[in-house]
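Have a look at the structure below before the remarks.
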Amino acid sequence: MSKTVIHPDRIPKAVGPYSPAVAANGFLFVSGQLGIDPNTGIMPTSVEEQTRLALANLNAILEEAGLGPQAVVKTTVLLTDMANFGTVNEIYGDYFPSPYPARACFAVRQLPGGAKVEIECTASME
């Protein structure tokens, strides 16, 4: 199996030993993206801005691979507070076109850097 790492310059630097995305077997596996502004390295405090930035960072990776949101077949959303589900869901629904990707959403105790939301995805490269 051949793997290709996708690493655009316009996303925040990884905070650990992982690739932002890996293309393999016709799919692109995108690591969880936080709502960090890639220009400043700052994470805003609001869940709305974090969600928008997480999706923008995810989009930059998709674009680097020659894809867009319509190629996404599965997402996982991690939230530190399920009370934010409605807000995140609304922004998420504006980003992804119908038919929407399959999705799982989990509440977690903590996310890196004090983030409130993290979003990962798998996209079809076909």
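Read the figures in this text as sums done on the coordinates, not as results from a lab. Everything numeric in this text was worked out from a predicted model, so none of it was measured. Reconstructed Cβ throughout: ideal geometry from the backbone, glycine too, with neighbour counts over all protein chains shown.
For the reader, a short list of remarks on this structure follows.
- Restricting segment 1-12 to residues that are in a loop (DSSP other than H, G, I, E, B) and over 16 Å from the mean Cα position of the chain (by Cα) leaves a set whose member that is surrounded by the fewest Cβ atoms within 10 Å (Cβ to Cβ) is M1.
- Residue satisfying condition, being without any contact (Cβ under 8 Å) to a residue 40 or more places away in the chain and within 14 Å of the chain's Cα centre (by Cα), within set N39, N89, N84, N25: N89
- Qualifying residue in segment 13-20 (condition: assigned to a loop (DSSP other than H, G, I, E, B), in contact (Cβ under 8 Å) with a residue 40 or more places away in the chain, over 19 Å from M125 (Cα atoms) and within 14 Å of the chain's Cα centre (by Cα)): no
- Looking across segment 74-91, not a single residue is assigned to a strand (DSSP E or B) and exposed (fewer than 14 other Cβ atoms within 10 Å of the Cβ).
- Verdict on V73 being within 14 Å of T122 (Cβ to Cβ) and either touching a strand residue (DSSP E or B) at 6+ places or on another chain (Cβ under 9 Å) or of a type in the set (F, W, Y) (or both): yes
- Among the residues making up segment 92-126, a single one is in a loop (DSSP other than H, G, I, E, B), of a type in the set (G, A, S) and without any contact (Cβ under 8 Å) to a residue 60 or more places away in the chain: S98.
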